[in-house]
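Throughout, read-outs are computed from the coordinates displayed, never taken from laboratory work. Remember, it's a predicted structure, so these values are computed and weren't measured experimentally. Positions of Cβ are backbone-derived with ideal geometry, glycine not excepted, and every protein chain shown enters the neighbour counts.
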Amino acid sequence: MGEAERGQGIITPMFEIVFLGTSASAPSARRGLSAQIVKHDEFRFLIDCGEGTQRQILQSGLGFKHLNHILVTHGHLDHILGLAGLLSTFMRWETIDELNIYSGRWALDRIHDLLYGVVLRGAQPPLKLQMHEILPGVFFEADDFTITAFPVHHRGSECLGFKFEEKSHRPFLPENAEELGVPPGPQRRDLVNGKVITLADGRRVRPDEVLGPLKPGVRFVHVGDAGRTEDLVEACRQADALVIESTYLESEAEMARQFSHLTVKQAAELAVEAGVRQLILTHISRRYREKDVLSEAQALFSNVSVARDFDVYQIKQSFDVLEAASSPARLRRERPY
Ligand SMILES: [Zn+2]
Ligand SMILES: [Zn+2]
């Protein structure tokens, strides 16, 4: 997205999350295993790829186009087994010519065994398959956003969370341009791109005169399976949205601790402490009713929802969220639950 388009309000800066699988450990009749796609402009990032993900992708209507970046939080089977089926399909259909998989070392080793040991067995992948071991820090950078990995404590080593962050920018102020007599079109674009322009009547206009103060970009944080939250506060600080696992209710906190998972209460407390604006819970256990999960969270943090498969969330900048408070951020398909 160009600054000019953003400045003139043609495109709203945002990330869109499409949930494909929201169940913990094993699928249920209504929930598939962990998988979600984050969209930003033409970019598509699949985060985790539990068994059955490829069918969920088709059912969501997104299809496989542009799906060449896969980020994996950790190496447990409920987050990676779908990679085998996905690669098998890509081998037949050849719809993708390059596939990049990003994760910590432990998960990457297991994914390597799955893809090269089971799926390929010595055959050459018919696409450019690249496995990227990532460490905490920025590992993906585009013109207007970055993705940063951060450590997450869970069973297994090198588990990661991901922060998607639009670069900060100075918004274009159309009312100032209007007042100065800058016509819509290329001259406004030049100003947004930092160039001084000369109007038809000879007056010069500087970018400073039509750009507002620096605004932070949209921040969206995804945390997969996690056993504690105290080391996540900084990574989640002031996020416009936080997606995080909440496998257990507080009544089973001991079991959560034993299996290194979070309770709903812990996830909600993290949202409060980190000052996030919207909390979306996923990795939901079959043992609970959705309304019980929701009410435990709402007792601490009001702007919370429990993701369902095929839910779509648009994560916008905080001022957009406030302006759009009357329109639901979640676009949910009409499905009987
Ligand atoms: Zn899991
Ligand atoms: Zn796990």
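Values as computed for the structure displayed
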read-out: Alpha-carbon centroid distance for the pair the range 216-235 / the range 274-300, whole angstrom; value: 15 Å
read-out: For the chain, with +1 on Lys and Arg beta carbons and -1 on Asp and Glu, the positive-most of 174, 191, 278 along the dipole; value: 278
read-out: Added length on full extension, which subtracts the Cα-Cα distance from 0.36 nm per residue, residue 58 to residue 29; value: 8.7 nm
read-out: The chain: relative contact order as a whole-number percent, Cα under 8 Å and 6+ apart; value: 17 percent
read-out: Cα-centred dipole magnitude for the chain, charges only on beta-carbon of K, R (+1) and D, E (-1), debye, nearest 20; value: 660 debye
read-out: Estimated 222 nm signal from helices in the chain, with DSSP H stretches of n ≥ 4 weighted -39500 (n - 2.57), rounded to 500; value: -6500 deg cm²/dmol
read-out: Two-decimal Rg to Rh for the chain - Kirkwood Rh, Cα set; value: 1.02
read-out: Cα pair count fraction exceeding 23 Å, expressed as % - the range 185-297; value: 47 percent
read-out: Cross-link partners of residue 65 among lysines (Cα-Cα below 27 Å; sequence separation of 8 or more within a chain); value: 39, 128, 163, 167, 316
read-out: Ordering of 228-234, 244-250, 145-151 by packing [mean C-beta count within 10 Å, highest first]; value: 244-250, 145-151, 228-234
read-out: Computed P(r) (all Cα pairs; the range 74-116; 10 Å bins; percent); value: 27, 55, 18
read-out: Size of charge dipole - the range 211-328 - debye, nearest 20, with Cβ of Lys, Arg +1 and Asp, Glu -1, no other charges; value: 220 debye
read-out: Estimated distance in nm for a label pair at residue 16 and residue 173, the labels positioned 7 Å out from Cα along Cα-to-Cβ; value: 3.2 nm
